[in-house]
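A short worksheet on the structure shown next.
The values are calculated or read from the model by the stated rules, or taken from the named source; none is laboratory data. Since the model is a prediction, treat every value here as computed from it, not as a measurement. Here the Cβ positions follow ideal geometry from the backbone for every residue, glycine too, while neighbour counts run over all protein chains shown. The accessibility values were calculated without ligands, DNA or RNA, using every heavy atom of the protein model including side chains. Shrake-Rupley method; radii C 1.70, N 1.55, O 1.52, S 1.80 Å.
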Amino acid sequence: MEALAPVSTYRHSKIRITTVPPTQFIDLTDRLEGLVAEAGIRFGFVNVQTLHTTTAVVVNELEPLLLSDFETVLEKAAPRGDAYRHDDATVRTVNLTSDERINGHAHCRALLLAPSASLNVIDGRLLLGRWQRVFMAELDGPRTRELSILVLGEGER
Amino acid sequence: MEALAPVSTYRHSKIRITTVPPTQFIDLTDRLEGLVAEAGIRFGFVNVQTLHTTTAVVVNELEPLLLSDFETVLEKAAPRGDAYRHDDATVRTVNLTSDERINGHAHCRALLLAPSASLNVIDGRLLLGRWQRVFMAELDGPRTRELSILVLGEGER
Amino acid sequence: MEALAPVSTYRHSKIRITTVPPTQFIDLTDRLEGLVAEAGIRFGFVNVQTLHTTTAVVVNELEPLLLSDFETVLEKAAPRGDAYRHDDATVRTVNLTSDERINGHAHCRALLLAPSASLNVIDGRLLLGRWQRVFMAELDGPRTRELSILVLGEGER
């Protein structure tokens, strides 16, 4: 029955976010659920990709004290006050811009997180566990940031 | 030749796991290989997604001493004995449940790992290197856990 | 209009890399952009997967001093000189090979990074932000390494 056969389809969106403090976890879940619903895809993947090198995509619980614990762990792994060669104007020659920021720690924190999260779309909905929320992690705010969201999979013809 | 044209297809499965110690790496590889074989997909992706915020998906070698080294590294990055605000009953007000656990360290370890792994399916098989195995990392056991496995790609019509 | 309907397609490639120092970040971006262009896919995903347990896939900025900062952060998280049980010949019994390397630190660094990166293909191109580059991280060089690159999505019939 051709009319009922699954057919591949996709929907691409960009999300723009303005961050305020140096470290911030912005919950994207409601927006992602809306994009998945609009995509009309029954089974597939949604790939949430940040377009920056001092941000990351994180999946965890939305509990404000926990988010401050995350900041503590990142500060321990890559302290803001450490000497990063990326920030050393006496030796740096590559990719210099007029608005260069002291942000070696932020790049190093991004290294330990991830630039994207690939999540399953099941029965037309973004599949997440009870406590799972999807965040963009700002590691060098304040900034204006952009994410690319691609939902791709099987819809109904 | 329409009859030989590739056609998109998918197979979704859930895996349920009961963990025992606080930290445990459960090898899912054989089960994933079985699911990929059953899916009848020649080229595509398998996305292995945990549905919890104190677990992760890890790809590395199945060598028991190495897995204990992993636990040591995670203990160093987010020690169990540290004071996490998430565990501070004097200030916490959000997402409290009757069976609340002291598990700030486990969330922080999950932050440094990943909630999912996207892997390639090539010529009908899950592609892994010689030593690569896919694990669910339990970071706050014992618990009963659930993973979602979506295989999606090109089959044969 | 059947002739204009999107159709799923894919392209799989392997990349082989010879690394030199113990830690090295090899920029794959130009090669990935070429593979995406050749794939003829308008919207889809490219999944870049390493096939080794002491390498990782990283997305960040190509700035040589920053890459040395990354090495410093990884050395702090999993120091080369620490005692790893994986390297203890007096207790190890599993997966031993004739060319066994002292590389527990390299496995532990890979644990904190990722075995693959799933990135979006938009309007026929690999979507990356201004400073984003895709690297294979060598954590136990020198070695010969292999990556699998699968581009899958919607082309034009």
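Enter the mean number of other protein chain beta carbons within 10 Å of the beta carbon of each residue in B:102-114, as an integer.
Values: counts 0, 1, 7, 2, 0, 9, 8, 1, 5, 14, 10, 7, 11.
Taking the mean over all residues of the peptide, I get 6.
Can you return the lysines within cross-link range of B:Lys76? Criterion is Cα-Cα under 22 Å, with same-chain partners fewer than 8 residues away left out.
A:Lys76, C:Lys76
As an exercise, use a Förster radius of 25 Å and the Cβ-Cβ distance of B:Ser68 and C:Arg80 to find the FRET efficiency, rounded to the nearest 0.05. If you can, show how the numbers build up before the last one.
Working: r = 18 Å, r/R0 = 0.73.
With R0 = 25 Å, the Cβ-Cβ based efficiency is 0.85.
Using 0.36 nm per residue, how much length does the chain from A:Glu38 to A:Asp123 gain when fully extended, once their Cα-Cα distance is taken away? Don't skip to the answer; put the middle values down first.
On the way: separation 85, 0.36 × 85 = 30.60 nm, distance 1.32 nm.
Using 0.36 nm per residue and subtracting the Cα-Cα distance, I get 29.3 nm.
Say the dipole of the protein assembly as shown comes from +1 at the beta carbon of Lys and Arg and -1 at that of Asp and Glu; which of B:Phe25, C:Leu65, C:Ala83 then lies farthest toward its positive end?
Highest projection toward the positive end goes to B:Phe25.
How large is Rg/Rh for the stretch B:28-112, to two decimals, with Cα atoms and a Kirkwood Rh? If you can, show how the numbers build up before the last one.
On the way: Rg = 17.5 Å, Rh = 15.9 Å.
Ratio of gyration radius to Kirkwood radius for the stretch B:28-112: 1.10.
How big is D for the stretch B:43-85, in µm² s⁻¹ as a whole number, if Stokes-Einstein is applied with the Kirkwood radius of its Cα pairs at 4 °C and 1.567 mPa s?
Values: Rh = 13.1 Å.
Value of D from the Cα-based Kirkwood radius: 99 µm²/s.
Gap in Å between the Cα centre of the stretch B:44-108 and the Cα centre of the stretch C:20-74?
A separation of 27 Å, based on Cα centres.
Please list log₁₀ I(q)/I(0) at q = 0.10, 0.12, 0.17, 0.19 Å⁻¹ for chain C, using the Debye equation with identical point scatterers on the alpha-carbon positions.
Reported log10 I(q)/I(0), two decimals: -0.44, -0.59, -0.97, -1.13.
Over all residues in B:70-79, what is the mean tally of Cβ atoms on other chains that come within 10 Å of each residue's Cβ?
Working: counts 9, 0, 7, 11, 3, 0, 8, 8, 6, 1.
Rounded to a whole number, the mean comes out at 5.
Where in the stretch A:114-153 does the label zone of C:Arg130 land, with the point 7 angstrom along Cα→C-beta and an amide N cut-off under 13 Å?
A:143-146
Once every DSSP H run of n ≥ 4 in the protein assembly as shown is given -39500 (n - 2.57) and the sum is divided by its residues, what mean residue ellipticity at 222 nm do you get, rounded to the nearest 500 deg cm²/dmol?
Numbers: 9 runs with 102 residues, N = 471.
Calculated at 222 nm, the ellipticity per residue is -6500 deg cm²/dmol.
Ballpark to the nearest 100 Å², how much total accessible area do C and B bury together, probe 1.4 Å? All intermediate terms of the calculation are to be shown ahead of the outcome.
On the way: alone 9370 and 9390 Å², together 15660 Å².
Roughly 3100 Å².
About its Cα centre, what dipole magnitude does the protein assembly as shown give when the only charges are +1 on Lys and Arg Cβ and -1 on Asp and Glu Cβ, stated in debye to the nearest 20? Don't jump to the answer; show the numbers that get you there.
Numbers: 51 positive and 63 negative charges, 75 e Å.
Its charge dipole is roughly 360 debye.
Computed on alpha carbon atoms, what radius of gyration and Dmax characterise the protein assembly as shown, expressed in Å?
Radius of gyration, then largest Cα-Cα span, for the protein assembly as shown: 21.4, 69 Å.
Hey, for B:Ala37 with labels 7 Å out along Cα-Cβ, what do the inter-copy distances come to in nm, ordered shortest first?
Ordered by distance, the counterparts are at 4.1, 4.1 nm.
Within 10 Å, count the other beta carbons around each residue, average over each peptide in A:11-17, B:121-127, B:91-97, A:103-109, and list them highest first. Kindly include the intermediate steps, with their values, before the conclusion.
Details: A:11-17: 15.1, B:121-127: 17.1, B:91-97: 11.0, A:103-109: 25.0.
Result, highest mean first: A:103-109, B:121-127, A:11-17, B:91-97.
About the Cα centre of chain A, how large is the charge dipole given +1 on each Lys and Arg Cβ and -1 on each Asp and Glu Cβ? Please answer in debye to the nearest 20. Please report the intermediate quantities before stating the final value.
On the way: 17 positive and 21 negative charges, 45 e Å.
The dipole magnitude comes to about 220 debye.
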